Amino acid sequence: MLTAGILLAAGHGKRFGADKLSAPLFGHPLAEYAASALRMAQVGRRFCVGRAMDGFDHVHAQGAQSESLRAGIRAARQASAARAVIVLADMPLVTAGLIDSIVVACPAGGAAAAIDGRPMPPACFDAALFSQLEAARGDEGARGLLAGLPPECRIPAPGLLLDIDTREDLLRLAQTHRLAGDGSVRLERVP
């Protein structure tokens with residue numbers, strides 16, 4: 001059963017004021033952290049929507065968040081994926097372990113990371129839901145499907161679901177985290 005990993009990296013960074021996914025964080029572009037986690041996760045095929053990244057098939061998309069989602073899901077469908085896990089490129093604290101836990105918890109339906117029970121990406125959806133994801137419009141993305149996930153499909157991820165929207169967010173992250181000492185492209189909390 002093929003699981004497709006989809007990295008959504010087509011955002012324009014309007015609140016950031018520039019291409020936030022290329023903004024440096026400890027010598028690496030911001031998007032590289034989520035990409036690295038998805039590379040290490042147990043998925044069979046990887047797609048990056050919006051930009052070319054090593055280890056990913058590049059999928060072109062522009063416009064609203066839902067267009068990126070639709071493009072990634074179309075790529076997963078064309079690859080005959082049985083399910084797809086969606087990761088946002090502006091979430092640098094997401095780990096391969098979290099992604100793998102979400103995939104394992106993905107029954108016929110979906111599973112997602114959660115903060116205080118509120119589901120959010122990364123999220124995994126069964127192919128039976130691809131049509132609903134492809135019908136998404138505007139900046140809603142998969143929000144409606146996420147809201148309907150039962151509690152057992154919401155994987156607690158305290159401290160891992162920070163997304164970077166502004167330069168201040170990036171600065172705060174740089175003050176509270178550091179590059180992992182093992183040479184990997186991942187962050188760890190400063191003690």
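Just so you know, all these numbers are worked out from the coordinates, no wet-lab data involved. Values in this document were obtained by computation on a predicted structure and should not be read as measured data. Methodologically, a virtual Cβ is constructed for each residue, glycine included, from the backbone with ideal geometry; neighbour enumeration extends over all protein chains shown.
Toward the positive end of the charge dipole of the chain, with +1 on the Cβ of Lys and Arg and -1 on the Cβ of Asp and Glu, the farthest Cα among Leu171, Pro191, Ala10 is that of Ala10.
Using the average count of surrounding beta-carbon atoms within 10 Å as a protection proxy, the listed peptides 52-61, 84-93 rank, highest first, as 84-93, 52-61. Our summary of shape: the Cα atoms of the range 69-147 have principal axis extents of 30, 26, 22 Å, ordered from largest down, in whole angstrom.
Here each label is just a point 7 Å from Cα along the line to Cβ, and for Glu152 and Asp182 those points are 3.1 nm apart. Suppose a student asked you for the relative contact order of the range 3-176, using Cα pairs under 8 Å spaced at least 6 residues apart; what percent would you report? Result for the range 3-176 is 25 percent. Note on Ala82 and Gln132: the extension gain reaches 16.5 nm, defined as 0.36 nm multiplied by sequence separation minus the Cα-Cα distance.
May I ask for the percentage of alpha-carbon pairs in the range 39-191 that lie more than 23 Å from each other? When every Cα pair of the range 39-191 is considered, 37 percent fall beyond 23 Å. Across the range 110-119, rounded Karplus estimates of 3J(HN,Hα) from the backbone phi angles (6.51 cos²θ - 1.76 cosθ + 1.60, θ = phi - 60°) give x, 8, 8, 5, 8, 10, 6, x, 8, x Hz, Gly and Pro being marked x. Which shape class, rounded, prolate or oblate, goes with the range 56-98 when its Cα gyration tensor gives a ≥ b ≥ c as root eigenvalues, a/c under 1.5 marks rounded, and past that a/b bigger than b/c marks prolate? Oblate, since a/c reaches 1.5 and b/c is not below a/b. Between Leu162 and Leu93, the built amide H atoms are under 5 Å apart, and every one of these is 5 or more places off in sequence or on another chain.
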